[in-house]
1. Would you indicate which of [x] 13.8, 40; [y] 14.3, 44; [z] 19.2, 76 is the value of Rg and Dmax of the Cα atoms in Å derived from the coordinates of this structure?
2. Which distance in nm do the two modelled labels at ALA118 and LYS12 give, with both placed 7 Å along the Cα-to-Cβ direction?
3. Within 10 Å of each residue's Cβ, count the other Cβ atoms and sort SER47, SER60 from fewest upward.
4. Between THR95, THR20, THR48, find the one with the highest GNM mean-square fluctuation for the chain; connect C-alpha pairs within less than 10 Å.
5. Report Rg(Cα)/(2.2 N^0.38 Å) for the stretch 75-125, keeping two decimals.
6. Treat each spin label as a single point 7 Å out from the Cα along the C-beta direction, and report the ASP110 to ASP33 distance in nm.
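What follows is calculated from the coordinates using simple rules that are stated; it is not laboratory data. Not measured: the values here are computed from a predicted model. Positions of Cβ are generated from backbone atoms using ideal geometry, with glycine treated the same way; all protein chains shown enter the neighbour counts.
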Amino acid sequence: MTNLNIPVSAVKFGDHHAVTLHGNNTLSLFQDDGSLFSVLSDDFGGSTHVIRDGGGLLVSDCKRGETVSIDGSGNKIVLLAGLDSPEGIAVLDETLFIYEGNAGEMKRHDGSGAEVIATSRPGSTVATPAQPPSMVF
């Protein structure tokens, strides 16, 4: 794939590649030949990390402080809000692990609530608005 608008993260999703594009704050699906298949969602403040989860995707939005679930039709559900620049996402069983870049905290989110399980130095301030954040996962 070439000429992407600041790609940050990508994952194989069905017959396509789901790519978060920081330059236009979208989650887009691309064919294997690199051509755009569709924009799955353009409703992000700062789409950062994307992973598969069941039959859908999880996406972190660093600007809005959200982690959302999105299906193959583009339907979004906000799973967590009020996060401090969520960047990396991982899932184990029914537990979400999210790295909050501005806080430098790795948090575990499950049915019992949220818990800080590790800390690191907070991420550095971006040099330009076009610069995507750093990610842990």
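1. Given [x] 13.8, 40; [y] 14.3, 44; [z] 19.2, 76, the structure-derived one carries the label [y].
2. Those two pseudo-labels are separated by 2.6 nm.
3. SER47, SER60
4. For the chain, modelled as a Gaussian network with Cα springs under 10 Å, the answer is THR95.
5. Rg over 2.2 N^0.38 Å, computed on Cα atoms: 1.14.
6. Label at ASP110, label at ASP33, 4.7 nm between them.
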